[in-house]
Number of protein chains: 4
Amino acid sequence: MTHKIAILGASGYTGAELVRLIATHPTMEIAALAANSKAGLSIAQVFPHLRHLSLPDLVKIDEIDFSGIDLCFCALPHATSQAVIRELPNSLKIVDLSADFRLRDTEEYARWYGGQHDALDCQAEAVYGLTEFYRDEIRSARLVAGTGCNAATGQYALRPLIEDGVIDLDDIIIDLKTGVSGAGRSLKENLLHAELSEGAHAYAVGGTHRHLAEFDQEFSKIAGREVKVQFTPHLLPANRGIVATVYVKGSPDAVHASLSAAYAAEPFVEVLPFGEQPSTRHIRGSNFCHIGVSGDRIEGRAIVIAALDNLTKGSSGQALQNANLMLGEDETAGLMLAPIFP
Amino acid sequence: MTHKIAILGASGYTGAELVRLIATHPTMEIAALAANSKAGLSIAQVFPHLRHLSLPDLVKIDEIDFSGIDLCFCALPHATSQAVIRELPNSLKIVDLSADFRLRDTEEYARWYGGQHDALDCQAEAVYGLTEFYRDEIRSARLVAGTGCNAATGQYALRPLIEDGVIDLDDIIIDLKTGVSGAGRSLKENLLHAELSEGAHAYAVGGTHRHLAEFDQEFSKIAGREVKVQFTPHLLPANRGIVATVYVKGSPDAVHASLSAAYAAEPFVEVLPFGEQPSTRHIRGSNFCHIGVSGDRIEGRAIVIAALDNLTKGSSGQALQNANLMLGEDETAGLMLAPIFP
Amino acid sequence: MTHKIAILGASGYTGAELVRLIATHPTMEIAALAANSKAGLSIAQVFPHLRHLSLPDLVKIDEIDFSGIDLCFCALPHATSQAVIRELPNSLKIVDLSADFRLRDTEEYARWYGGQHDALDCQAEAVYGLTEFYRDEIRSARLVAGTGCNAATGQYALRPLIEDGVIDLDDIIIDLKTGVSGAGRSLKENLLHAELSEGAHAYAVGGTHRHLAEFDQEFSKIAGREVKVQFTPHLLPANRGIVATVYVKGSPDAVHASLSAAYAAEPFVEVLPFGEQPSTRHIRGSNFCHIGVSGDRIEGRAIVIAALDNLTKGSSGQALQNANLMLGEDETAGLMLAPIFP
Amino acid sequence: MTHKIAILGASGYTGAELVRLIATHPTMEIAALAANSKAGLSIAQVFPHLRHLSLPDLVKIDEIDFSGIDLCFCALPHATSQAVIRELPNSLKIVDLSADFRLRDTEEYARWYGGQHDALDCQAEAVYGLTEFYRDEIRSARLVAGTGCNAATGQYALRPLIEDGVIDLDDIIIDLKTGVSGAGRSLKENLLHAELSEGAHAYAVGGTHRHLAEFDQEFSKIAGREVKVQFTPHLLPANRGIVATVYVKGSPDAVHASLSAAYAAEPFVEVLPFGEQPSTRHIRGSNFCHIGVSGDRIEGRAIVIAALDNLTKGSSGQALQNANLMLGEDETAGLMLAPIFP
């Protein structure tokens, strides 16, 4: 059986990545592509790398007849997403890639995103989309909220450690480096090639990045108490890839054992042998997350390093993994593409 | 039915690219991986991006029992390849990715490659591997010689034009720009990141690049007379991708019509609408070749621009396409992966 | 004696490059910096790399008292430049970096730039700023028009050859590759890092790039007859640097001799030994232009390759070189900075 | 008065950077360039970007007559450096850029560098070359040991804080990101463009990087007790630039005040306004170090970020700054070049 898929926001990078992945999916068919600002154009005009595919032209969202759609990916900007999803049919399965439905607490949402949520009902029912940890809820969900790409990376490194109680909860530092595609296809001076190439810098320093809201929500929930981490993102001169270097206090062996056990059966999360380190270039273009653990020379301290592709495992690949579950398909369908190196 | 595949020279970039592509191939199984200098290592140690695959460890070539192998890819250096292939069983189907069997004329080989060929029998039977133009011969060949990556790019732009007689044969210029992975994984000062990043330069200027031998052989054969082109390769600060800008004298409309007709039924070669230009970033990681045609402001001159990924359509993808034909499989099997952008 | 300098358009890349160069100039002092959109900001806020310099804050153009200014650099967008320069005091020496005053023929200007010129008087008196060829006129000029960066590169390769009559004037091809900073600091989707990194493509193919107007004007003037070249620019994934590969018909030896003689006494133009090729990374950040000549395997054809930094020798360095002449200073003052490599 | 300078190891990146800087130095003249492996070549053959300079050809070290040399820069590999320096005339002033003379304790040297030191006398007299903190000793030194580039970056961020007692000495984490030129011009697979471009990874994780020996030595000396930091270096896809993100426990205001006071009079170290962050692209090619301080959302924790160019302030620029002091010149001579951006 073929599932009919719609993608809203198909002219952005996560939209393009969804199309790329679904292109070789065995049981999905793209039935509608929407991008209000580029309605009327063909996919070849918006994304020439997808020109070999037979796909419908881009339309406005309200031109789509959702009655024939089985599942809809929303790759729209924050805030826009909630306004659109609120109006979609109740029967439609939805995977949202924006930040709009990630937070369970309406006040936290208002605090981090600066305003009242416009689709509180949807927010209430949404399931947090970190597949490996919400698999059962996702399988039966109508609306799944894709995680932040940085938030996913940090959580892969830390959730089992918090769950297993092997680290000090009051002294966790996530120093994260991310490629530029995470910022999307928006016209900002600081995203120009001439501004970014051959350099690196930190941003949102000191606890202001919105993905902290996800860390707070999830880590505190697991721990059963408030957990606040330090988190500093840096921008890399690379298009894809996140590497998060996480500093924890705890036994390095216990840390490695905890992570190894947690992900032993996972198809996409690989814990490297103790002392080896991942690289963003070894997961590029794939749905894999590589995690390495080393002990520091100072006893009782460990460094956990997680790497994934922000556009794949960090958003569109994760979204497809969740969609597979929601549609009763094999969770890995369409997602076993090997990374591209070099 | 599953075909058992061996890859010789699996520790280089074209070897890794073969593994990447075969990883999702429906009817191929990698039964042996050889790399003399890294024998004993696992693929994860040599190419961490392939660590999720269940693959045999690397061995020395002479450790392989070829009786169970259906087809063997040779991704070995020039000269090494002929010495190895000469000793392989006669019944084994072989796709060679080196330069050793590309030239039909033994004297031309000696002139361009500086020495006598060591496997003249094999050279005599080898079929030139530019799939779209040698499809029938490849289907029944035992030994197929993969083309040079630059040679492939130039030929996609020019073969139909020479065949159709729509351009001046005495005034053809190929100005080509290539990413660095075409030079392989060899330790040379001029391939260091610090030497290449953020710059560009020409090399092998004036008619010394060995891929000219392929241009000479093929273009002269098509034209039925000697054809000598000018060819200047340049090195780009990018890992993958070749873009060849070809200057010809002839009617731009006729040029576009000739190319459009030649590739109308081809699954991997796309001729863009007149006046549009390809980009290496829109074919990255895929087996597609995009071709654009524009007329110059000077009447009777056209510019043809062809782009492909040197590691995929330029070598390992082409090799797999040929292997599919040799094994009676669908020519596109395992090759419809969409390009990765951004 | 110290010359008081004003820079209009100081928030763009050529403006920043002027400040960088003047920072170590022995006899110039920056007295005013204007950037209408960023008036009120300090240079450290607009260009943090210049924060160590003691400089006036950015103001609006009409806030500058030009009576105390000896020379003004205009690094404004095309069209804006002519409107501003028209209103500047007649006594003020001006080096314009825009395209507004490069063309001598008002009809040619209208044809290439799509409209009537608004400062015809200024256009009439402006001197074309390719220093090595207009040195005397520049020395006594009030208004010098900086050349296009691509136009400069092509002219360094070709002017002596046309002057000396050593090449066929009807068959000249300039295949040019340029870094992205030539496009300025403007917010365009195709200048984003994620769009440009790790790829290459041609643009303005077939004779539509405006720098052709400069080639036409200058080459025809030298030849005493109409000369029309073919010119194809390509965008490189690099911030700085242009390499122009020029295909000509003529004796390679004569070509090399012509260029060597023409530039023998020039401080900034270096002709390499016959058969050597320049690289953009070897002139980065400097005012040097490197030129290489090779013969093709086809007799009577030569390849000339010129490389320079678009922001330095291609615009701001050239502008400073011209300003030095206009102010009676040593032409090389402030410009002998060595290239930055790696 | 002009000082005669010799550079040993002139064919590496730090050697080239020394030449670049000295090229515009008002009172230094390069009298000898040595590079044993490339003796007999001109500088233009080894570093084409320096071809405009009139310089002696490269020779073997033992061909240099040191009697006419005032100061010698040694840009040789570790271990080689001590063997060479041991044999140099006692009267010669020397700035060494290797790791050979950085450590005061011979046992620490043996532990980190795996063997006995071969020039213990020289080791005993060498002065640690972090200019801002050893200015007086450097002024009268015969032999100055340039610091590690990573070690310099971390020390600029931390020395004043340890000195002023404003941070917890037992909980310091330096997460550092460095460009690839720090690894030198050596032929290693992991330094190839195809291996590094568009990716990032940590290396020497857990306390194994040799620059830790410098941190230990210097921080413990300042504190008067043992101080051991955590230090994780990462490799960036960029040629130049280090950014160190340092996590400390202490009052952010006190941290900012301490750094601001320490560097208030320094010509090359700039402390940014509180809450602003440096970027490697804003110090590229210059001798400046930019430092930013932010407070974390968790009270009592601060993030200090320092950025410098590893080839300039991190090695060759630092070396020249020290040479200026040793020769009685203005400390900033030849070093006020503005950074190159973009």
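Filtered by the rule that a residue be under 23 Å from D:Val293 (Cβ atoms), without any contact (Cβ under 8 Å) to a residue 12 or more places away in the chain and among the small types (Gly, Ala, Ser), region A:207-239 gives no residues. Listed by position, the strands (runs of 3 or more DSSP E) contained in region D:1-105 that have at least 1 residues being touching an Asp or Glu at 6+ places or on another chain (Cβ under 6 Å) are D:3-8, D:71-74. Flag set for C:Asp253, criterion: surrounded by fewer than 17 Cβ atoms within 10 Å (Cβ to Cβ), touching a residue at least 40 places away in the same chain (Cβ under 8 Å) and not assigned by TED's automatic domain parsing to the domain that holds C:Gly12. The residues in region D:90-108 that are surrounded by fewer than 24 Cβ atoms within 10 Å (Cβ to Cβ), within 18 Å of the chain's Cα centre (by Cα) and over 17 Å from D:Asn322 (Cα atoms) can be counted, and the count is 1.
Among the listed residues D:Thr24, D:Thr80, D:Thr14, identify the single one that is within 14 Å of another protein chain (Cβ to nearest Cβ) and closer than 30 Å to D:Ala119 by Cα.
Answer to the selection: D:Thr14.
Within region C:291-313, being within 18 Å of the chain's Cα centre (by Cα) and within 10 Å of chain B (Cβ to nearest Cβ) holds for C:Ile305, C:Ala307. Mind checking whether some residue in region A:260-271 is within 13 Å of chain D (Cβ to nearest Cβ), crowded, with 20+ Cβ neighbours inside 10 Å, in contact with a strand residue (DSSP E or B) (Cβ under 8 Å, 6 or more places away or on another chain) and at pLDDT 95 or above? Within region A:260-271, not a single residue is within 13 Å of chain D (Cβ to nearest Cβ), crowded, with 20+ Cβ neighbours inside 10 Å, in contact with a strand residue (DSSP E or B) (Cβ under 8 Å, 6 or more places away or on another chain) and at pLDDT 95 or above. Given the condition in contact (Cβ under 8 Å) with a residue 60 or more places away in the chain and not in a helix (DSSP H, G or I), answer yes or no: does some residue in region B:107-125 qualify? Scanning region B:107-125, I find no residue that is in contact (Cβ under 8 Å) with a residue 60 or more places away in the chain and not in a helix (DSSP H, G or I), so the answer is no. Within region A:279-310, no residue satisfies the criterion of being of a type in the set (Asp, Glu) and at positive phi.
If B:Ala75 meets every condition in (1) of a type in the set (Gly, Ala, Ser); (2) in contact with a Lys or Arg (Cβ under 9 Å, 6 or more places away or on another chain); (3) away from chain A (no Cβ under 11 Å); (4) within 30 Å of B:Thr332 (Cβ to Cβ) apart from one, which number is that one? That leaves (2) as the condition not met. Each residue in region A:6-27 was checked for being farther than 27 Å from C:Leu192 by Cβ and crowded, with 19+ Cβ neighbours inside 10 Å, and 1 of them qualify.
For first residues located in region C:276-305 and over 18 Å from C:Val246 (Cα atoms), partners that are in a strand (DSSP E or B) and lie 6+ apart or on another chain with Cβ distances below 6 Å form the pairs C:Ile283/C:His290; C:Ile283/C:Ala307; C:Ile283/C:Leu308.
A residue that is touching a strand residue (DSSP E or B) at 6+ places or on another chain (Cβ under 8 Å), in contact (Cβ under 8 Å) with a residue 12 or more places away in the chain and among the acidic types (Asp, Glu) occurs somewhere in region D:19-31. For region B:200-212, state whether one or more residues are outside the structural domain of B:Pro77 (by TED's automatic domain parsing), within 22 Å of C:Gly207 (Cα to Cα) and touching a Lys or Arg at 6+ places or on another chain (Cβ under 6 Å). No, every residue in region B:200-212 fails to be outside the structural domain of B:Pro77 (by TED's automatic domain parsing), within 22 Å of C:Gly207 (Cα to Cα) and touching a Lys or Arg at 6+ places or on another chain (Cβ under 6 Å). All of C:Ile64, C:Ile30, C:Ile22, C:Ile43 fail the test of being modelled with pLDDT of 95 or more, among the β-branched types (Val, Ile, Thr) and out of contact with any helix residue (DSSP H, G or I) (no Cβ under 9 Å at 6 or more places or on another chain), apart from C:Ile64. Is it true that some residue in region B:167-189 is touching a residue at least 24 places away in the same chain (Cβ under 8 Å), surrounded by fewer than 19 Cβ atoms within 10 Å (Cβ to Cβ), closer than 30 Å to D:Leu196 by Cα and under 21 Å from the mean Cα position of the chain (by Cα)? Within region B:167-189 (the criterion being touching a residue at least 24 places away in the same chain (Cβ under 8 Å), surrounded by fewer than 19 Cβ atoms within 10 Å (Cβ to Cβ), closer than 30 Å to D:Leu196 by Cα and under 21 Å from the mean Cα position of the chain (by Cα)), the answer is yes, since at least one residue qualifies.
Selection within region B:177-220: residues that are outside any loop (DSSP other than H, G, I, E, B) and touching a Gly at 6+ places or on another chain (Cβ under 7 Å). The member of this set that is farthest from the other protein chains (Cβ to nearest Cβ) is B:Glu214.
Here are some conditions: (1) crowded, with 22+ Cβ neighbours inside 10 Å; (2) more than 9 Å from every other protein chain (Cβ to nearest Cβ). C:Ser286 meets all but one. Which one does it not meet? If we test C:Ser286 against (1) crowded, with 22+ Cβ neighbours inside 10 Å; (2) more than 9 Å from every other protein chain (Cβ to nearest Cβ), just (2) comes out false. Across region C:140-166, what is the number of residues that are surrounded by fewer than 17 Cβ atoms within 10 Å (Cβ to Cβ), part of a helix (DSSP H, G or I) and within 19 Å of the chain's Cα centre (by Cα)? The total comes to 0. For region C:222-244, filtered to residues that are within 9 Å of another protein chain (Cβ to nearest Cβ) and over 14 Å from C:Ala202 (Cα atoms), the residue that is surrounded by the most Cβ atoms within 10 Å (Cβ to Cβ) is C:Gly241.
Inspect all residues belonging to region C:93-103 and state whether any of them is in the same structural domain as C:Leu8 (by TED's automatic domain parsing) and farther than 28 Å from C:Leu308 by Cα. No.
The values are calculated or read from the model by the stated rules, or taken from the named source; none is laboratory data. Bear in mind that the values here come from a model prediction, so they are computed numbers and not experimental data. Cβ atoms come from the backbone with ideal geometry, glycine included; neighbour counts cover every protein chain shown.
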